[in-house]
Amino acid sequence: MDAILFLIFAITAVVCGVLVVTRRHPISSALALIGVMGSLAGLYLLLGAPFLAAAQVIVYAGAIMVLFVFVIMLLNAGEERKSSGSRLARVAGVPALVALLGFLAYTIFRMYPRPETVEFGGFHGGTPYAIGYAIFTKYLLPFEITSILVLIAIVGAVVLAYKELD
Amino acid sequence: MLQGVPLSWYLILSAILFTLGVAGFLFRRNIITVFMSIELMLNAVNLSFIAFSYHHKQPDGQIFTFFVMVVAAAEAAVGLAIILTVFKNRATLQIDDVASMKN
Amino acid sequence: MNFYLLCAIKAAVVAGALMTALAYLQWVERKVIAHIQVRMGPYRVGPHGLLQPLADVIKLLTKEDLLPPGVNRFYFVLAPFLAISLALISICVIPFGPEIHAGPVYTWMQLTDLNIGVIFVLAISSLSVYAVVLAGWASNSKYPLLGSLRSAAQMISYELPMGMAVAGALLVSNTLSLRGIVETQSQYYWGWIPAWNVFHGPFPQIFGFAIFLITIFAETNRVPFDLAEAESELVAGFHTEYSSLKFAGFFMAEYANMVTVCAMATVLYLGGWMPPFPARYGSNFVPGIVFAIAGAVAIYHGLHPARKRDRLTLPAFGAIFLGIAALFCVPLFQPILTPLFWFLAKTGFLLFTFMWVRGTLPRFRYDQLMRFAWRFLFPAAALNLLVTALLVALVG
């Protein structure tokens, strides 16, 4: 059952990831990215992180991607025109990527040859209580610093997008 | 085999998504699609963190993912504001056209 | 019983009841608004207009399903589908009652209980912005695009105060699962005052309840926040170009969202399925008495009817109400029906408030709406959360 669910979410994630990278229109890429985030949320549930799965949907798919979709609509971004890329990139691009992927996969298999499995319900430390406890005791300083970071981002975004009412 | 999935499968999936993000970042010409490829890379890394959090049976990986999400949100907000400003000044979203500082 | 079979049966029961309720919620709304505006509402199609939803469904099904030229076909068809799917998914985690014995099985009156139930509902409601945005963008037309952008901006602006008001209730209840929240509200002070989240706790969540009520009007695009879809404003907002079944999809999604948020308000603040006074003071007899009085009133009016047709229909309704009152007296059904009655009474009262407000208030202008969210509701919700957190930390 775990393997079936993993395969469903993983194949959805990979297909949506390919769509993000290959579609001409930015809106299609944005919606495919939302699909990736949704399937990753399902994978987080399988890995025993229910709070992060919900946070992924609320923050990433429900706020950040809405921002992307708004910007695409406001700028009326049309389809990308075909660029005159170099022939080298078109010939060696995909094989280079496959080589990078193979290298990463080989490194992973070298590091984790043990047949350790991930089972649903094998890790109970992802409850909101556990995460809240760790954030407010052990990781309190990074938490406060990220709140200031978000404040800086708000001020920066307002300053950049500010329009004088004249 | 039906009960439990090897941990390396999650890491392979994270690697695939990261590679797709790198491909989009390098090959696409639209600013917004490049930005979305960055978000795809960040998501792949999040999956990796949570897989390792399961492996070590500690919530620390999930907390790092939480912080990565917050940073990605801040970065998306400021980055999209920059994109809006670039569009206001150059009227184009192709990164080939904004490659030089000469207006 | 097999777990999957039980889940399938529960899902079928809830889906069937919900779809019927959505159709008749529209009838109730038209009748309520009509009586507020001193007119009759639908009363020709069937007794007292009760078959009007059926007539509306037939009309919507048989209309021409128009696909305007120049639309992006995939997203045009996806948007109402997304709207109705997301609206129905949130119903899955809402508890209607406690654990019951229904024949051989022993189950909760809830489709599934997640230990992150509240943030699941918040996540689904933040995804429902996409249905609006896609509908407006895919329609390839000025008014839908403007309406959808405004509506989406309104929905994401009001999500913040909603989340913070909910966080206040969560601090008092100390759990994220909806079943757990109702269970923490199941005591009674001094034997008879219910420990609902609006009354009890270190800080009674009355302000949180008020903020939550205001924000759910905005989240479901209802009056006074329905600028984006009002008929006298941007034509019809984001569903201008939709016809027939796709328009019915948006319509149903709006009512399903209303039901979900009213059920959430009931569970979070009003104590879910708990009666206002404990069973030993006789709260088990209240549903039966209410229905018996309704039946008696209907039969009494049936004896001296205002219209000739009512000589037949009003006594029939009276008999139906008395039958339901008799059902409440059967001890086999009492543990199932009584909590369900209290839950539906509270949710129904909140839905009536939605319709009452629609018939009464004018709508906000867009800048007034956004200013209200950011300048008043957001600081008020933050202050509520601050005071709640302070008092919970001092007491707990």
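Data overview
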| item | result |
| --- | --- |
| Selected residue [modelled with pLDDT of 90 or more and farther than 21 Å from C:L213 by Cβ] from C:A393, C:A380, C:A306 | C:A393 |
| Residues of the range A:103-161 that turn out to be aromatic (F, W, Y) and more than 7 Å from chain B (Cβ to nearest Cβ), as a count | 7 |
| Residues of the range C:112-168 satisfying the condition of being assigned to a helix (DSSP H, G or I) and among the hydroxyl-bearing types (S, T, Y) | C:S125, C:S126, C:Y130, C:Y143, C:S148, C:S151, C:S157, C:Y158 |
| Enumeration of residues in the range B:5-35 that are closer than 30 Å to A:M73 by Cβ, crowded, with 20+ Cβ neighbours inside 10 Å and touching a strand residue (DSSP E or B) at 6+ places or on another chain (Cβ under 9 Å) | B:N30, B:I31 |
| Matching residues, the range C:68-99, being surrounded by fewer than 16 Cβ atoms within 10 Å (Cβ to Cβ) and in contact with a Ser or Thr (Cβ under 9 Å, 6 or more places away or on another chain) | C:P68, C:G70, C:F74, C:E99 |
| Set B:T65, B:T92: member being without any contact (Cβ under 8 Å) to a residue 60 or more places away in the chain, on the phi < 0 side of the Ramachandran plot and within 7 Å of another protein chain (Cβ to nearest Cβ) | B:T65 |
| Matching residues, the range C:320-357, being farther than 21 Å from C:T260 by Cα and among the aromatic types (F, W, Y) | C:F321, C:F328, C:F333 |
| Qualifying residue in the range A:108-124 (condition: closer than 20 Å to B:V45 by Cα, without any contact (Cβ under 8 Å) to a residue 24 or more places away in the chain, out of contact with any helix residue (DSSP H, G or I) (no Cβ under 7 Å at 6 or more places or on another chain) and hydrophobic (A, V, I, L, M, F, W, C)) | yes |
| Subset of the range B:29-52 [without any contact (Cβ under 8 Å) to a residue 12 or more places away in the chain and facing another protein chain (nearest Cβ under 7 Å)] | B:T33 |
| Residues within the range A:7-18 that are surrounded by fewer than 20 Cβ atoms within 10 Å (Cβ to Cβ) and either at the interface with chain B (Cβ under 7 Å from one of its Cβ atoms) or in contact with an Asp or Glu (Cβ under 9 Å, 6 or more places away or on another chain) (or both), tallied | 2 |
| Filtered residues of the range C:100-124 (kept if polar (S, T, N, Q) and either at positive phi or buried (at least 19 other Cβ atoms within 10 Å of the Cβ) (or both)) | C:Q110 |
| Some residue of the range C:59-70 being aliphatic (A, V, I, L, M) and over 22 Å from C:V132 (Cβ atoms) | yes |
| Positions within the range C:1-59 being of a type in the set (G, A, S) and not in a loop (DSSP other than H, G, I, E, B), in sequence order | C:A8, C:A11, C:A12, C:A15, C:G16, C:A17, C:A21, C:A23, C:A34, C:G49, C:A55 |
| Residue within the range A:56-63 that is part of a helix (DSSP H, G or I) and more than 14 Å from chain C (Cβ to nearest Cβ) present | no |
| Qualifying positions in the range C:281-297 - farther than 13 Å from C:I320 by Cβ and among the small types (G, A, S) | C:G282, C:S283, C:G288 |
| Among residues of the range A:19-46, those that are within 9 Å of chain B (Cβ to nearest Cβ), without any contact (Cβ under 8 Å) to a residue 12 or more places away in the chain and assigned to a helix (DSSP H, G or I), counted | 3 |
| Which listed residue is modelled with pLDDT under 95 and more than 21 Å from A:S29 (Cβ to Cβ), from B:V34, B:V5, B:V22 | B:V5 |
| For C:E64: the one exception among (1) part of a loop (DSSP other than H, G, I, E, B); (2) within 30 Å of C:R307 (Cα to Cα); (3) acidic (D, E) | (2) |
| Qualifying residue in the range A:71-83 (condition: assigned to a helix (DSSP H, G or I), under 23 Å from B:L93 (Cβ atoms), among the hydrophobic types (A, V, I, L, M, F, W, C) and more than 7 Å from every other protein chain (Cβ to nearest Cβ)) | yes |
| All positions within the range C:125-178 that are among the β-branched types (V, I, T), buried (at least 23 other Cβ atoms within 10 Å of the Cβ) and either within 9 Å of chain A (Cβ to nearest Cβ) or farther than 17 Å from C:Y75 by Cα (or both) | C:V129, C:V133, C:V166, C:V172 |
| Qualifying residue in the range C:326-346 (condition: assigned to a loop (DSSP other than H, G, I, E, B) and either modelled with pLDDT of 90 or more or closer than 30 Å to C:N174 by Cβ (or both)) | no |
| Single residue of the range A:47-58 satisfying the filter (more than 19 Å from B:S37 (Cβ to Cβ) and free of Cβ contacts under 8 Å to residues at least 60 places away in the same chain) that is surrounded by the fewest Cβ atoms within 10 Å (Cβ to Cβ) | A:I58 |
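Per-residue answers, yes or no, for (1) touching a Lys or Arg at 6+ places or on another chain (Cβ under 9 Å); (2) touching a residue at least 40 places away in the same chain (Cβ under 8 Å); (3) closer than 30 Å to C:L146 by Cα:
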| site | (1), (2), (3) |
| --- | --- |
| C:I289 | no, no, no |
| C:L303 | yes, no, no |
| C:A325 | no, no, no |
| C:F354 | yes, yes, yes |
| C:R358 | yes, yes, yes |
| C:D367 | no, no, yes |
| C:L385 | no, yes, no |
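The values are calculated or read from the model by the stated rules, or taken from the named source; none is laboratory data. Since this is a predicted model, take the numbers as computed values, not measurements. Glycine gets a Cβ as well: all are built from the backbone with ideal geometry, and neighbour counts include every protein chain shown.
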